[in-house]
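Taken together, the values in this text are just the output of simple stated rules run on the coordinates, not laboratory data. The model shown is predicted, which means the values in this text are computed figures rather than measured ones. Quick reminder, even Gly has a Cβ in these numbers, built from the backbone with ideal geometry, and neighbours come from all protein chains shown.
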Amino acid sequence: MPNIYEALRADHDKQRTFLKILVETSGASTGREEIFAKLKPELDHHAAAEDQTLYAAMLGESLTRDKARHSVAEHKQIDDLLSELGDTELDSPAWLPKAKKLAELVEHHLDEEEHEVFQMAGKILTKQAEQELAERYEALRSEPAND
């Protein structure tokens, strides 16, 4: 069974792939619509499950509370930008710049998690807790998101 960091990294890799494809699309293409239709729930489900597992644990500890709050706030920024992108016509000239902004924001967030958040969480979580959080994350991840 993977630990929470391995489970999250697997999703991060998938998100990076979707984002790379997304910013290469053009116009109201089927490809743009399809990749966005995959990316949005991927990001939504990931953030919701991550907030309820890793960040819930980190918010409970003074050492990691500020970093967890920052990351949860970034989830909100990503969600807001996803909504804005979803409300923009696929063939709008504004669509691709918004998609690129989303890609930059998500990339920044993922890099920060992998290089800062995970290390801080490792200071407060036991190996057993890391595995239990992964199990809970995977279970929450597979539930339908509350859109």
Rounded Å value of the spacing that divides the Cα centres of region 89-120 and region 1-77
9
For helix 62-86, report the angle its Cα long axis makes with the longest principal axis of the Cα atoms of the chain; keep it between 0 and 90° and round to the nearest 10°.
20
What are the ³J(HN,Hα) couplings of region 93-102, residue after residue, when phi is run through the Karplus curve with 6.51, -1.76, 1.60 and θ = phi - 60°? Round to Hz, x for glycine and proline.
x, 7, 5, 5, x, 5, 5, 5, 5, 4
Any chance you could list P(r) for region 26-96, counting all Cα-Cα pairs in 10 angstrom bins from zero, rounded to whole %?
19, 39, 23, 15, 4
What does the helix-only formula give at 222 nm for the chain: each DSSP H stretch with n ≥ 4 adding -39500 (n - 2.57), the total divided by the residues, and the result rounded to the nearest 500 deg cm²/dmol?
-25000 deg cm²/dmol
GNM of the chain, Cα pairs under 10 angstrom: of Asp79, Asp44, Asp91, the biggest fluctuation goes to Asp91
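For region 4-141, what number results from the quotient of the Cα radius of gyration and 2.2 N^0.38 Å? Don't skip to the answer; put the middle values down first.
Working: Rg = 15.8 Å, N = 138, 2.2 N^0.38 = 14.3 Å.
Region 4-141 yields a ratio of 1.10.
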Could you give the size of the charge dipole of the chain about its Cα centre, using +1 on the Cβ of each K and R and -1 on the Cβ of each D and E, expressed in debye and rounded to the nearest 20?
220
